[in-house]
Amino acid sequence: MPELAPERVATASFPLRYEDIAQDGRMMMTALPPAIGWTVWRQLLADHPSARSMQKQGLVAILSRLTVDGTDEPIHVSQRVEATGGYQLARHEHDGQVEKLFLNMWVEVRGARGRVVPPEGPGEPVVAGRVFAEHTFTRIFAAPGDRKVTRLELEGLPPVPEATYDFSPPGTAMELPSGADSLDGEYLPDDAVTVFGLDHTDSNQHVNSLVYPRLFAEAAFRRLAARGRARRALVRSLDIAYRKPSFAGDRVRVHLQTFTLGDRVGAAGYLVDADDPDARPRCCARIVLG
């Protein structure tokens, strides 16, 4: 998290569910992003003067990329965790012209060190993980040619943010990390087709953003198990870029290639319409397990 003004930083505590912690005590990757909601969205932006103006203008800051890093510290599930998060408005320029506007967020989650089995703690606070969330300003319900936002007319916010942001296209999230060795040599389709139902959706009327990392992880475990690798690993880092939403009834398939990265393994790839594998990816992702 960069240096931010105090009014753009907040701290909150929240309880853990048993499914938030793996059997070895480490915090699950999908349990970390909700801390953004507890800190930034609820405490800093829910009552911000710009919120009503955005709604009237049809503006939305839509989640476009999520980067999560989990530590290997065991966190005791019986204790509340504490999260500190903040936000920054930023612009991306191309050839000196504003190309996109972003609402970027960071959060660090800390918990009491310990485990249920074997009994340990709860002890001193330790870092469980960190999250970066990129949100792109758009007029999501406008015609395709009118969706781009390069200037804001919102109470309490500058028309063009002072901070700059080095935006990376969604496809960069499916690239193998530097120093990785591919186990597959190319992106291969997973055997499984996922059919989304209402169980995969949320109140935003589309498939929830945290469903996709689970699909990539499950596909990676199937591929790695077939190669005799990483049967008891846990996702420790995630980089996922969202390009197009999915809805209940959609049929999708993960295409990925697995890799080794030092003493760890991982997978990188994309999610696409199962009935149109040559279509543009709906999202791209890379995970590292350890």
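Residues checked against (1) touching a Cys at 6+ places or on another chain (Cβ under 7 Å); (2) at pLDDT below 95; (3) surrounded by 13 or more Cβ atoms within 10 Å (Cβ to Cβ):
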position: 134; (1), (2), (3): no, no, yes
position: 137; (1), (2), (3): no, no, yes
position: 142; (1), (2), (3): no, yes, yes
position: 148; (1), (2), (3): no, yes, yes
position: 152; (1), (2), (3): no, yes, yes
position: 155; (1), (2), (3): no, yes, no
position: 175; (1), (2), (3): no, no, yes
position: 179; (1), (2), (3): no, no, no
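What number of residues within the range 200-224 are in contact with a helix residue (DSSP H, G or I) (Cβ under 9 Å, 6 or more places away or on another chain) and part of a helix (DSSP H, G or I)?
5
Among the strands (runs of 3 or more DSSP E) lying completely within the range 1-96, list those that include at least 3 residues that are under 18 Å from the mean Cα position of the chain (by Cα), surrounded by 19 or more Cβ atoms within 10 Å (Cβ to Cβ) and in contact (Cβ under 8 Å) with a residue 24 or more places away in the chain.
Qualifying strands (runs of 3 or more DSSP E): 60-70, 81-94.
Kindly indicate whether residue 163 is in the same structural domain as residue 30 (by TED's automatic domain parsing), modelled with pLDDT of 95 or more and out of contact with any Cys (no Cβ under 7 Å at 6 or more places or on another chain).
yes
So which of 214, 229, 253 is of a type in the set (D, E, K, R), out of contact with any Asp or Glu (no Cβ under 8 Å at 6 or more places or on another chain), surrounded by 14 or more Cβ atoms within 10 Å (Cβ to Cβ) and under 25 Å from residue 133 (Cα atoms)?
None of the others qualify; the one that does is 214.
Residues in the range 201-212: is at least one hydrophobic (A, V, I, L, M, F, W, C) and farther than 27 Å from residue 127 by Cα?
Yes, that holds for at least one residue.
The values are calculated or read from the model by the stated rules, or taken from the named source; none is laboratory data. Model, not experiment: these values are computed from the prediction. Positions of Cβ are backbone-derived with ideal geometry, glycine not excepted, and every protein chain shown enters the neighbour counts.
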